[in-house]
Amino acid sequence: MSFLTFSGITKRFPGALALQDVSFGIERGSCHALIGENGAGKSTLGRILAGVHQADAGEILLEGQPIRPLSPLAARQLGIAMVHQELAFCPNLSVAENLCLGDLPQGAAGWVNRAELRRRAEAMLATIGLRLEVDRPVGSLSIGQEQLLQIAAAVGTGARIIIMDEPTSSLSGGETRELFRLIRELKERGITLVYVSHRLEELFALCDRITVLRDGRHVATEAVAATTPSRVVQQMIGRELLVQTPRHLALTPGPELLRVENLSSPGQFSGVNFSLRAGEIVGLAGLVGAGRSEVAQALLGLDRRATGRVLAKERDIPLGSIDAALAAGVGLVPEDRKRQGLVLSLNCRENTSLASLPRLSRAGWLRRGEERVMARREADRLRVKAPSLETTVASLSGGNQQKIALAKWLARDCDILIVDEPTRGIDVGAKAEIYRLLDELAGAGKAILVISSELPELIGLCRRILVMREGRLAGELPRADFSEAALLRLMAGVEAA
Ligand SMILES: Nc1ncnc2c1ncn2[C@@H]1O[C@H](COP(=O)(O)OP(=O)(O)OP(=O)(O)O)[C@@H](O)[C@H]1O
Ligand SMILES: [Mg+2]
């Protein structure tokens, strides 16, 4: 009998059977990976364990005893905590206040005892060796710091099981290393981790066992030492993954579609020059904070303080105007899709057509039939898994939300497409699909700029890679010179020996 056992877990949502008779065990003090395609049921399983959702059938056994956490609080009392990606704290309260919110130390006359508050918060941070100013507002922390804070809160309140759902998807390299160090330490203390990620290398470096889900069903649970990445991919997607060399590389790029001259924005980036030609996929690499996303936003007219020149097909685009950028054929799939890319309360069809409304309308009327055809085509191209096009985006799995954000811009048929971290949170099978799509678009004569923190992705896909460092273009590598080492040197500003 395992420390934690799922037995016959089934969960139904309106229109979706998220989990179907899932059974497997997790050992105490292990890091247990959950992997599967977008919509396979990983987050749902984590949320059931954490008391966010309740299973329709089946049971969870903790040390042989059935448990049924009816709320996140009930789960916490059983020693089970989940680390969320979205804000889990009040951004305007301090680190200390957030950590002690459930049990604020009382002082004289009912006031909060500040000294005691600070002492307790520091003690909690110390349990995981995290050094942070406890008086800082949580809103001023990076995503990585906030995640570590959630872990401190979990460990500090006695969690024995911690669920992490794609914890590294928005972390910098340094933050990721810090998280991994911490996970290894927690394991040594006998804490059990349930770790959800699409990054296979990560799972193989960190986890002891891997459970694969497909379409809500349990496929396999195996020791990491006894399996291989390609075997896991096969189990996930039910077929071999085909990786082909991008075809656009064999073509000769056409005329220049975008030219950026001396683009600057105070405090963000300065003196950025580059151009994109028809049929090219160009990468933009850099460390988190190098200014890549800021440049992308300026190109879409979202930065009113931007100066310099941007030309589309040799015509100036006035800076700071989204309308002008859109009219010139520029499209951007932003990095932060939840906040900038999607309207969560609208359905898949409406989100997909959002950037194409003028083209779909006649005399002010939206042509519903065409809208539906277009939304269906894009959803099929990207293999979106949703009960129907009328499903609200909020109820899709994380990865399928990403696909809808991408579909919105693909539908618009832009000549110059900028994609910011296009495969974040996307499963390996769908990733290959997105690479194929971008390749196809380039083949059709579009110019594509791909911002990515995954170097293998850029190396596989691009004709050349621009590298930004501290708000400036630090260099450019042609395909013949691609290597992770060369890119990292440019990104970090270390000269080649
Ligand atoms: N609150 C909800 N309401 C309706 N359907 C939901 C809800 N949450 C999840 N689903 C559906 O349940 C299925 C499993 O979703 P889940 O979020 O568990 O997938 P996942 O494996 O975490 O995927 P991803 O890798 O994309 O994050 C999907 O079909 C999803 O649309
Ligand atoms: Mg998920």
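Would you check if there is a residue in segment 331-347 being assigned by TED's automatic domain parsing to the domain that holds Leu477 and over 22 Å from the mean Cα position of the chain (by Cα)? Show your work before the answer.
In the first step, residues of segment 331-347 are kept if they are assigned by TED's automatic domain parsing to the domain that holds Leu477; the result is 331-347.
From what's left, over 22 Å from the mean Cα position of the chain (by Cα): none.
No, because not a single residue in segment 331-347 is assigned by TED's automatic domain parsing to the domain that holds Leu477 and over 22 Å from the mean Cα position of the chain (by Cα).
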task: Among the residues of segment 367-385, write down those that are within 13 Å of ligand 1 (Cβ to nearest atom) and open to solvent by 60 Å² or more (accessible area, probe 1.4 Å).
output: Arg383, Lys385
field: Which numbered condition Lys187 fails, given (1) in contact with a strand residue (DSSP E or B) (Cβ under 7 Å, 6 or more places away or on another chain); (2) open to solvent by 30 Å² or more (accessible area, probe 1.4 Å); (3) within 21 Å of Ala33 (Cβ to Cβ); (4) not in a helix (DSSP H, G or I)
entry: (4)
query: Could we say that Arg47 is closer than 18 Å to Gly399 by Cα and free of Cβ contacts under 8 Å to residues at least 60 places away in the same chain here?
result: yes
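Sort through Ser397, Ser453 and tell me the only one that's more than 26 Å from Gly15 (Cα to Cα), among the polar types (S, T, N, Q) and either open to solvent by 10 Å² or more (accessible area, probe 1.4 Å) or modelled with pLDDT under 90 (or both). Spell out how you get there, then give the answer.
Details: Ser397 fails: more than 26 Å from Gly15 (Cα to Cα).
It is Ser453.
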- prompt: Just checking, how many residues over segment 443-460 are more than 23 Å from Arg199 (Cα to Cα) and assigned to a helix (DSSP H, G or I)?
  reply: 1
query: Of all the residues that make up segment 17-47, how many are among the hydrophobic types (A, V, I, L, M, F, W, C), within 13 Å of ligand 2 (Cβ to nearest atom) and over 21 Å from Leu206 (Cβ atoms)?
result: 2
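Among the residues of segment 48-80 satisfying the criterion of being within 16 Å of ligand 2 (Cβ to nearest atom) and surrounded by 24 or more Cβ atoms within 10 Å (Cβ to Cβ), which is farthest from Leu206 (Cα to Cα)?
Initial filter on segment 48-80 (within 16 Å of ligand 2 (Cβ to nearest atom)): 48-50, 52-53.
Adding the requirement that they be surrounded by 24 or more Cβ atoms within 10 Å (Cβ to Cβ) leaves 48-50.
Numbers: Ile48: 24, Leu49: 21, Ala50: 22 Å.
So, considering only residues that are within 16 Å of ligand 2 (Cβ to nearest atom) and surrounded by 24 or more Cβ atoms within 10 Å (Cβ to Cβ), the one farthest from Leu206 (Cα to Cα) is Ile48.
Out of all the residues in segment 418-438, which are in a helix (DSSP H, G or I), more than 16 Å from ligand 2 (Cβ to nearest atom) and open to solvent by 10 Å² or more (accessible area, probe 1.4 Å)? Walk me through it before giving the result.
In the first step, residues of segment 418-438 are kept if they are in a helix (DSSP H, G or I); the result is 428-438.
Checking which are more than 16 Å from ligand 2 (Cβ to nearest atom) leaves us with 432-438.
Scanning segment 418-438 gives Ala432, Glu433, Tyr435, Arg436.
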- request: Please tell me if Val95 is away from ligand 1 (no atom under 16 Å from the Cβ) and in contact with a Cys (Cβ under 9 Å, 6 or more places away or on another chain).
  value: no
- request: Determine if segment 413-420 includes at least one residue that is more than 18 Å from Gln297 (Cα to Cα) and away from ligand 1 (no atom under 16 Å from the Cβ).
  value: yes
- prompt: Do you know which residues across segment 294-320 are open to solvent by 10 Å² or more (accessible area, probe 1.4 Å), within 26 Å of the chain's Cα centre (by Cα) and farther than 28 Å from Leu251 by Cα?
  reply: Glu294, Gln297, Leu302, Asp303
- prompt: Hey, any hits in segment 285-292 for a residue that's assigned by TED's automatic domain parsing to the domain that holds Leu477 and farther than 25 Å from Ser142 by Cβ?
  reply: no
query: Is there a residue in segment 212-228 that is touching a Phe, Trp or Tyr at 6+ places or on another chain (Cβ under 9 Å), closer than 24 Å to Ser397 by Cβ and at pLDDT below 95?
result: no
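In this structure, is Ser388 open to solvent by 20 Å² or more (accessible area, probe 1.4 Å) and over 17 Å from the mean Cα position of the chain (by Cα)? Before you say what the answer is, go through the steps one by one.
On the way: open to solvent by 20 Å² or more (accessible area, probe 1.4 Å): yes; over 17 Å from the mean Cα position of the chain (by Cα): yes.
Considered against the rule, which asks whether it is open to solvent by 20 Å² or more (accessible area, probe 1.4 Å) and over 17 Å from the mean Cα position of the chain (by Cα), Ser388 comes out as yes.
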statement: Filtering segment 44-60 for residues that are among the β-branched types (Val, Ile, Thr) and away from ligand 1 (no atom under 12 Å from the Cβ) leaves a count of 1
query: Pairs, please: C-beta under 6 Å, at least 6 apart or cross-chain, first residue farther than 17 Å from Ala159 by Cβ and in segment 53-70, second open to solvent by less than 80 Å² (accessible area, probe 1.4 Å) and within 16 Å of ligand 1 (Cβ to nearest atom)?
result: Ala55/Ile9; Ala55/Lys11; Ala55/Ile48; Asp56/Thr10; Asp56/Lys11; Ala57/Thr10; Gly58/Ile9; Gly58/Thr10
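The rows are residues; the columns are (1) more than 15 Å from ligand 1 (Cβ to nearest atom); (2) at pLDDT below 95; (3) out of contact with any helix residue (DSSP H, G or I) (no Cβ under 7 Å at 6 or more places or on another chain); (4) not small (Gly, Ala, Ser).
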position	(1), (2), (3), (4)
Phe3	yes, no, yes, yes
Ile26	yes, no, yes, yes
Cys31	yes, no, no, yes
Lys42	no, no, yes, yes
Gln65	yes, no, yes, yes
Leu73	yes, yes, yes, yes
Pro91	yes, yes, no, yes
- prompt: Since Ala405 meets every condition but one in (1) away from ligand 2 (no atom under 16 Å from the Cβ); (2) farther than 24 Å from Leu213 by Cα; (3) of a type in the set (A, V, I, L, M, F, W, C), which condition does it not meet?
  reply: (1)
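The values are calculated or read from the model by the stated rules, or taken from the named source; none is laboratory data. The structure presented is a predicted model; accordingly, all values stated were derived computationally and were not measured. Glycine gets a Cβ as well: all are built from the backbone with ideal geometry, and neighbour counts include every protein chain shown. With ligands, DNA and RNA removed, areas are computed over all heavy atoms of the protein, side chains included. Shrake-Rupley method; radii C 1.70, N 1.55, O 1.52, S 1.80 Å.
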